[in-house]
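Read the figures in this text as sums done on the coordinates, not as results from a lab. Keep in mind it's a predicted model, so treat the numbers as computed, not measured. Here Cβ is always computed from backbone atoms with ideal geometry, including for glycine, and neighbour counts include all displayed protein chains.
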Amino acid sequence: MGSAAAAIRDKIERGPGDALWTMRDFSALPTPAVAKTLSRLASEKVVSRVRKGVYYRPKVTRFGTTKPDATQVLTAILDGRRVSWKPGGLAGWNALGFTSQVPAVTTIDIERPLRIKLPGRSVRLRVTPTVSSVSAEERAALDALRDLRAVPDTTPAAVIRRVVDLCREGRLNFSSMTRAARREPPRVRALMGLIGTLLGEDTEMLIKLRGSLNSTTSFKLGLAEDFPQAADWGIR
């Protein structure tokens, strides 16, 4: 117990300030020893207890003592519960170059519904079943296609062109996104079909995408003038 406690204290004190610590950070040590030591360090104010199993070591700056970031706390909780997650919404769109705006509220996509008390109002959870099957960038791109008209400081056509460019650069994998799109709304599958057509992707894959759509359904997305191929996917 003594050596475990010393190892935990040493790791935390040698680690960075403004950092979160959880039980998983000490998985090589006995769980009871970790829990007891973290509790003792909280009593000694080496760390502060944020919630069960999550502790924070603040950093003192000229502006005062730092506080834990709500997004870090939430993702630490998700990791502790082994829930897959990806950053979503405006932050992801910004990182991909769809928009220059930065979010006031961080969106985190998770794979299944979860009852959890969020740490403040600066973070929101959104259930997205395909979180674990695509990369963070691919998930953000699919989010942009789902909310095409809501992406700020751009146009739907500019978003489509950017997705095409990212696929050509290799940052996005068209095949992975297409597989994930099977669980997305029909308009996302139609947009992936348009993107695949612009990329000159495999005909068989495009046939499967087309087969997943209702031939009588149309999607008013303001893309017909920019992409003549859009009509083939019921996109106006």
* Divide, for segment 1-132, the radius of gyration over alpha carbons by 2.2 N^0.38 Å, where N is the residue count. => 1.19
* Structure fact -> With the 8 Å Cα cutoff and a minimum separation of six or more residues, segment 2-68 has a relative contact order in percent of 35
* **Highest to lowest packing among 210-219, 66-75, scored as the average C-beta count within 10 Å** => 66-75, 210-219
* Using R₀ = 25 Å, calculate the FRET efficiency as 1/(1 + (r/R₀)^6) where r is the Cβ-Cβ separation of residue 61 and residue 40; round to 0.05. => 0.45
* To do: Give, rounded to the nearest 20 debye, the magnitude of the charge dipole that segment 1-154 has about its Cα centre when Lys and Arg contribute +1 at Cβ and Asp and Glu contribute -1 at Cβ.
  => 760
* To do: For segment 68-168, just the Cα atoms, rotate onto the principal axes and tell me the three extents in Å, largest first.
  => 38, 27, 18
* To do: Stick to Cα atoms and the Kirkwood definition of Rh, then tell me Rg/Rh for segment 81-233.
  => 0.97
* Classify segment 36-104 as rounded, prolate or oblate, taking a ≥ b ≥ c as the square roots of the eigenvalues of its Cα gyration tensor: rounded when a/c is under 1.5, otherwise prolate if a/b is larger than b/c and oblate if not. => oblate
* Between beta-carbons, use under 14 Å as the cut-off and find the net charge around residue 31, counting Lys and Arg +1, Asp and Glu -1. => +2
* To do: Would you mind computing Rg(Cα) / (2.2 N^0.38 Å) for segment 95-141, counting N as its residues?
  => 1.27
* To do: May I ask for the Kirkwood hydrodynamic radius of segment 191-236, worked out over all distinct Cα pairs and given in angstroms to one decimal?
  => 10.7
* To do: State, to one decimal in nm², a quarter of the convex hull surface area for the C-alpha atoms of segment 2-68, i.e. the direction-averaged projected area.
  => 4.3
* Grab the beta carbon distance between residue 52 and residue 224, set R0 = 45 Å, and tell me the FRET efficiency rounded to 0.05. => 0.25
* Asked: Calculated from DSSP H runs of 4 or more alone, at -39500 (n - 2.57) each and per residue, what is the 222 nm mean residue ellipticity of the chain, nearest 500?
  -> -13000 deg cm²/dmol
* Förster radius 30 Å - calculated FRET efficiency between residue 112 and residue 10 (Cβ-Cβ, nearest 0.05) -> 0.20
* Kyte-Doolittle mean at least -1.0 and Cα extent at least 24 Å along the axis: which DSSP H helices of the chain qualify? -> none
* Peptides ranked, highest mean first, by Cβ atoms within 10 Å: ranges 185-194, 19-28 -> 185-194, 19-28
